[in-house]
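I have placed the structure first, in the form of structure tokens, so that the comments after it can refer back to it.
What follows is calculated from the coordinates using simple rules that are stated; it is not laboratory data. Remember, it's a predicted structure, so these values are computed and weren't measured experimentally. For neighbour counting, all protein chains shown are included, and Cβ atoms are generated from backbone atoms with ideal geometry for every residue, glycine included.
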Amino acid sequence: MIVVFDTNIWITALFFGGKPEQAILKAYEEDEIAICQQIADEIEEVATRKFAQQAGQIKDKLERLMVNALWVTVRGELRVSRDPDDDIVLECARNAHAQIVCKWR
């Protein structure tokens, strides 16, 4: 299966662990994680702004998890949500033909 995670799941997994981390690790081991540059950029931006992390530290962590990820091109063409960030996640899922989209509120 192809799985797309929203930024909140990535941030929670990277900094707090718990169920979000378990979900990402399970997908890493058993499925295929799809991501786009916009989601990766948002993860980096949130991590540096809210958690005072160096951009390089976050990139290193993400690269280890994304070594086999499916990188998808997203152009911002899908507009179905009130939140443009949600549209990016949904467009990533659509373009990757993902079966699962995981969102954390």
Top-ranked residue of region 13-45 - restricted to ones that are more than 13 Å from the chain's Cα centre (by Cα) and of a type outside the set (F, W, Y), ranked as surrounded by the most Cβ atoms within 10 Å (Cβ to Cβ): D31
Test: Q57 is in contact with a helix residue (DSSP H, G or I) (Cβ under 7 Å, 6 or more places away or on another chain), free of Cβ contacts under 8 Å to residues at least 12 places away in the same chain and closer than 24 Å to G18 by Cα: no
Selection count where residues are among the hydrophobic types (A, V, I, L, M, F, W, C), surrounded by fewer than 18 Cβ atoms within 10 Å (Cβ to Cβ) and in contact (Cβ under 8 Å) with a residue 60 or more places away in the chain, scope region 62-100: 1
Positions within region 1-12 being under 12 Å from K50 (Cβ atoms) and within 9 Å of the chain's Cα centre (by Cα), in sequence order: T7, N8, I11
